[in-house]
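Read through the structure below, which is laid out as structure tokens, and then see the notes.
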Amino acid sequence: MIVCVSVVGHQNNPLYIQSFTDADDALKLHHIVHCSLDVIEERVNNPKKSGTTLNEAFLGLLYPTVNYKVYGYLTNTKVKFILVTTDLDVRDTDVRSFFRKFHAAYVDAVSNPFHVPGKKITSRTFAQTVSNIVGSYGLN
Amino acid sequence: MVEPVNSSLGKMLLEEVSPVVMVLCTPLVEETFVKNGLSFVETLKPFCNFSNIDVPVRTSGDQLYRLKKFTLRLFYASDIRQPNIQVAKQRLEHLITQAGEKDFQDLESDPPQIADILSNPESEIAPTWFQHYNKELIRTLSFSDHEAFDHPVACLLVVSSKDEEPINKFVDLFNTNRLPSLLNDGAMDPKILKHYLLVHDNQDATTERTSKVLSEMRSTFGNNECNLLCTNSSKEGNIEHQANPWASFKSDVSADKLGCALTGDDIVEIKDLMQEFASRHVIPYMEQKVRELNQQISATRKGLRNQIKNLWWRKGKDDVPDSTKGSMYTFSSTESQIRILGDYAFMLHDYELALSSYRLISTDYKLDKAWKHYAGVQVASHLCNYVSVEEMMGLAYFISDQSKKEAEYCMENAFSTYMKLGKSGFQNSTRCGLWWAEMLKARDQYKEAASVYFRICGEEPLHAAVMLEQASYCFVLTKPAMLHKYGFHLVLSGDHYKNCDQVNHAIRTYRSAISVYKSTTWSHIKDHVYFHIGQWYAIVGMHEVAVRNMLKVLDCGYQSKATQEIFLRDFFNIVKKTGMKHEVVGLQLPVINMSSLQVIYDDHRTYASQASALVEESIWQSLEDDIIPSLNSGKSNWLELQSKLLPKKYKESNVCVAGESVKVDLEFRNPLLISTSVTSVSLICELTPNSDDLKLVDKEPSSSSLGPESSTEHNQGTTSGFSSFTLSEVDFTLSGGEKKLVRLTVTPSEEGILKIVGVRWELSGSIVGVHHFQSVPAKAKTAKGRKKNKLTPTDALKFLVIKSLPRLEGSMDHLPETLHAGDLRYLVLELKNKSDSPIKNLKMKISHPRFVSPGNNEEELTTEFPDCLKKGDGQTIVQHETNRTSSVFAFPKDISLQGDRSLKWPIWLRAAIPGTISLYFTIYYEMENVSSIMKYRTLRMHYNLQVLPSLEISFGITPSPSRLQEFLVRMDIVNRSKSDYFQIRQLSTVGCRWGISLLQPVDTILPSKSLLAGQALSCFFMIKDCKKSETEEDKTMSLPPSQTDVKLFTQDDDEKLFDIVNSPLASFHESERSCQGASDQVNPNTVDFILISRLAKSSNPSAVPDLPKILSHHSCHNRIRSSNPLSWSLDGPQTIYHDFSTSLCEVKLKMIIRNTCDKLATVSIETNDYLPEAAAPSPSSGNQSGWRYVPTVTEEMKLTSDVMGSRLGKPPSSMESSPPFIWSGLSSTKVPIQPMSTTEIPLQISVFSPGIYNLSSYKLNWELSEHENASSSSSGTCQGYPYHLTVLQSE
């Protein structure tokens, strides 16, 4: 199950972070997302090591923590999407398609003329779309 | 990369993997050394590290190499055993606590900047005590059975010269009972190198006895194995050592006392002794042993033959059940021997040999493992042996700078195997991990090192905390630094520290973490860190710092309500604990919206109300242009006058008057979800009294020019009353997320310079928030004026306080908020001057003269409104010649206000047009008897009116075709209001020129008596132009004025009509006129109407007392409109008697043509001498209506009507048979007629026989042209009117 998705701006500022658990673990998830930024940076700076090509936005599994798997995705504008999941066997293609949908939702949200770039995404529609996407993947 | 030997791991290995010397000594020896504050081992310890021992060594090969660095480890025999885990744990804990206390002092300071951390050299990033901790941690594992490097290599037996029977003592010392178990249980060879040392205390032993004992020793144990050590040469025991060699080993005792009885010579002697011991005894012994073992092993194990044999042998061994318990590998077993060989070689820095032996034994163990799986209990210890070898192999690889991969592989293998062992292997895995991490660090693989640290966290929180912290420092050292992880691990570590009550450490880690999170927007994490560090600071009693950190958490609007409550509760608890009021600059609770800052004050401009103060200055300025006196030049204003009196410095500052308050509006917002009560909100001000010499003000006397730090004090002084200004205090409660605009005032009571510095408020009585206004954005609309002068924000909050002046207060009584269009109201303007000095020369200007008209004299109203507007009572009806071209109204000169007297002045208000109207009044006044820089002031009043639509009237006037002086008026009324009913009262024409009369009875016009909402109505009137011509004007004036009014209601016949020529209706009409049309002069032939109505029924029952009593609607410049631009009449006799026998009859006629349009008309008259057949009936039918009869006699109106009546009665029957007549004179004339003027054209006809002639056989061709060029001209033709002329035969 997907426990957390987040959008992090190109200055590593959180734009959107939403957890989908009932427990009060917001802080923990914040930390996990925050930490994964280091890994993303590392991936981006050493693309050879990570094995992904430069052109791909999907960064793959960032790191496995004890209970979670963290996946990353980097847009062309250096906005990072981070997905934290508890599923231990996740297929890359699923995550890829998740990020694609998520990216589309994000683009819709920031295309809103009232959205200030670099500020938190407060769109309720975005939140709804994201939870729909997450919900559709939670069933698998 | 650092060379492996010089890396920290290299150093560590050099220290830890070095020969152990077991020390056995008598109590008297200890006694000797206790004098120095040291034990015997401690005394020797500093001299066991040889940085350049330079001993040639030859181990396995033929190659000789020289040992440079060498270390001996000295232990008491009693210490040579596996340490108790509990004790070790306590020791570690103690170490951490100590370290925590040491760091405590730094904690008060602000957290370091992240850039500083990164720029620090590597060695300074992690606290130094980590190394001690790691060392201690590794030591908890020392002296295990299978690790030969921990087995004592030599034994040092020490006896004091004071001892009885020293030789026997030596023997006793090496008694097996007291030896460590290692030697006894067979884990190691009990035959070790022995060295005998005699200690001589110079302070209290004689040299003779010592030398005697020594010689005895030498004879007993051999010359080489015996040594003498003379110590404590200093009698007084107060030698202080520069660079005390023991200081670094014993940190908890003050360094001065250590070794106080040892002279420099003693130290040199100890040094020499140890050097000799190492180089002459220990190293050669080991060397020899290595060679021995190597030979032995080569013989049995090395080479292909041996290996095959070995395999076979092993197989054979399978059959023998191994039932021995405990250590299976005794020192004599081959495996142990190889191990010893390896370890010794390692210690002698012959890593090649060490490696080869480790490899050998490793393969053995691996093979062993296969069959040992079944042996249950022994698996663990066996594995330990194996893994330990692996570990050593890795280290050997590393230190010999060989294959990196191999080293790592070995370490990882060892580590993971240890981990698999679970709890029992944990300590081993920790040590292995530490080494591994060190190894990775030496190779700059910090990230990997961090993960190793992370893996050896284990379950014990304190241990985990230290490891996590070390991991975090590794992340900083990674290139590029992984700061996010650094922060995260610090936080984790801090939590663990907190769990084991190591609050100091917890604070330290969190403090470092703050530097990571400080500049980010990860508010969730930030709040967590700040909140907890705040709590912990409070625990250790540093409340100040605690409060400082907690403050950062207060603006946590995004947190859940429960969290906010916890934050606030804890915060206030901590604040209370400090027991004092904290003044916090820039407190975020509540948030101040600086852009909302607005300063309202009165200088020469005073405001009647809040609303008027908010009006834009330019509106007032344009309004006041006329009434404010200009000084020398047109450009100068009061400011320049001021500049003559004041130093330049104050030219730019605002002026306010002592005793009059300066108001500041500020918006407070509660960022939280929980309601917060804010108390004692007040401004922070400074008032510098004017000194005699204005220049001195620059110095700003210390009494009041207090800095922001001490402003609290300053304000407190204010409340106690000595200060020269008073401040208002406001308390309010903000519920969650609420915004409130708060008005704060300061009232200076002395002259001087007043500065508004900031605002302060209290939270729960213990926290004082202070906000300084320096950071006001320049765009803030601060001062209400002088936009020309670009004021800096601080200037805008600086005021020059001048002596108190009279101030006029004004209010408009009975002013309704909503009106109907046309509503006429009577208002009273009340002006008051509370001060004793009088004011004079009052002037008033009104922005909308169309709406407002001031009365003429004070309290003019005798009868009640609206009756006062009615006619009658013998009031002299004089139309005031109101000259309203300038809308300035000057009050009578003799009015002077002072004290409690108030001036009540009537004001008429008429809502001219519907919509929202802003009315601005500005009243100018001058001060009498005040010699001040301010000569005058203005009072500004502003009111908003909502004017609802009511009736809309329009008029159509068409000329009567037959009578030039009469016009038909059609009035269209539409009730535009939503739901109000109106009654029409009266219609009047303005001026004396036009008389008006009804065409229908009043009742038929509007049977329902009131006009419903949305209803439209048309009615007809007739107006008559009373002005005949210029010559008869005086007659017109004498017409009774009652003819200009028509009453349009019937209920109350007694009610008098409204007097429209009297003020205020007349004056309003005047302004309506000027507003409704500009072509006043161009066209004098227009009619102005005033319709007076009243509201019959209002939709809004609550507004009953406010009902409009009278509404007047003005319609001006109504033109007379017709399709024909011309109107004309034919003048001539009606009946002529003529004797046709003599001659034909010539009749002179006169045609008067009026051009009713505003264009130049050219008219030509075309006469027709024959009567058209078709033309005849139509004029006759038109005859019936009575409209086509133009009265010929114009002098007497009555007579005309008589004639008209008589003619109407008997229409001529024989029109068709009328004989022809001839138009004589000009048959065609072209006459230009100026707009709105008349011309007379003489006409003549010749009649040949008596009869009745219809003189309609002419046409008027007209042509209109705008200007001289007839490009845009229009033209047309008019058929003549019937005009019947009766010609009779004269008798």
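Quick note: the coordinates plus some simple rules give every number you see, no bench work behind them. All values derive from a computational prediction rather than experimental measurement. Every residue, glycine as well, gets a Cβ built from its backbone with ideal geometry; the counts of neighbours run over all protein chains shown.
Under the Karplus relation 6.51 cos²θ - 1.76 cosθ + 1.60, θ = phi - 60°, what is the ordered set of whole-Hz ³J(HN,Hα) values for segment B:943-960, x standing for Gly and Pro?
For segment B:943-960, the Karplus-derived couplings read 9, 10, 10, 10, 10, 8, x, 10, 8, 10, 10, 8, 10, x, 10, 10, x, 6 Hz, x marking Gly and Pro.
Residue-wise, which Karplus ³J(HN,Hα) couplings in Hz belong to segment B:610-620, taking 6.51 cos²θ - 1.76 cosθ + 1.60, θ = phi - 60°, and x for glycine or proline?
Taking θ as phi minus 60°, the curve returns 4, 4, 6, 6, 8, 6, 4, 4, 5, 5, 5 Hz for segment B:610-620.
Quick check: residue separation of B:Arg209 and B:Asp272 times 0.36 nm, minus the Cα distance between them. What number comes out in nm?
Full-extension gain reported as 20.4 nm.
Once amide H atoms are placed 1.01 Å from N in the peptide plane, what residues at a sequence separation of 5 or more from B:Met1151, or on another chain, have their amide H within under 5 Å of its amide H?
B:Asp1131, B:Ile1241, B:Leu1243
Which of A:Lys28/B:Lys552; B:Lys755/B:Lys803; B:Lys740/B:Lys978; B:Lys102/B:Lys447 have a Cα-Cα distance over 25 Å? It would help to have the intermediate numbers written out before the result.
Numbers: A:Lys28/B:Lys552 20 Å; B:Lys755/B:Lys803 17 Å; B:Lys740/B:Lys978 37 Å; B:Lys102/B:Lys447 29 Å.
Over 25 Å Cα-Cα: B:Lys740/B:Lys978; B:Lys102/B:Lys447.
Quick check: from the Cα gyration tensor, does chain A come out rounded (a/c under 1.5), prolate or oblate? Before the final figure, lay out the partial values.
Working: a/c = 1.39, a/b = 1.09, b/c = 1.28.
Because its axes are fairly even, with a/c under 1.5, chain A counts as rounded.
I need the peptides B:658-665, A:30-37, B:1060-1067, B:894-901 ranked by packing, meaning the mean over residues of other C-beta atoms within 10 angstrom, with the highest value on top.
Result, highest mean Cβ count within 10 Å first: A:30-37, B:1060-1067, B:658-665, B:894-901.
Rounded to the nearest 500, what is chain A's calculated 222 nm mean residue ellipticity when only DSSP H runs of at least 4 contribute -39500 (n - 2.57) each, over all residues?
Computed ellipticity for chain A at 222 nm equals -13500 deg cm²/dmol.
Name the residues of segment A:108-127 whose amide N is less than 18 Å from a point 7 angstrom out from the Cα of A:Gln11 along the C-beta direction?
A:115-122
Assuming R0 = 56 Å, what is the FRET efficiency of B:Gln1015 and A:Asn132, from their Cβ-Cβ distance, to the nearest 0.05?
0.45
If you take each beta carbon of peptide B:439-447 and count the beta carbons of other chains within 10 angstrom, what is the mean?
Per residue, the number of nearby Cβ atoms from other chains is 0 on average.
Ignore the peptide's own chain and count Cβ atoms of other chains within 10 Å of each Cβ in B:521-529; give me the average, rounded.
5
Over 27 Å between Cα atoms, which of B:Lys45/B:Lys420; B:Lys420/B:Lys441; B:Lys663/B:Lys893 qualify?
Pairs exceeding the cut-off: B:Lys45/B:Lys420; B:Lys663/B:Lys893.
Rounded, prolate or oblate, given the Cα gyration tensor of segment B:408-507, with a/c below 1.5 counting as rounded?
oblate
What list of ³J(HN,Hα) couplings, whole Hz, do you get for segment B:509-526 from phi and the Karplus terms 6.51, -1.76, 1.60, once you set θ to phi - 60° and write x for glycine and proline?
5, 5, 4, 5, 5, 4, 4, 6, 8, 3, 8, 8, 10, 7, 5, 4, 5, 4
Measuring from a point 7 Å past the Cα of B:Ser837 along Cα-to-C-beta, which residues in segment B:656-687 have an amide N at less than 20 Å?
Residues B:656-662 qualify, since their backbone N sits under 20 Å from the label point.
For a 29 Å ceiling on Cα separation, which of these pairs sit above it: B:Lys212/B:Lys289; A:Lys78/B:Lys485; B:Lys577/B:Lys798?
B:Lys212/B:Lys289; B:Lys577/B:Lys798
Please give the length that would be gained between B:Thr1277 and B:Leu999 if that part of the chain were fully extended, namely 0.36 nm times their separation in residues minus their C-alpha to C-alpha distance (nm, one decimal).
Between B:Thr1277 and B:Leu999, full extension yields 97.0 nm more.
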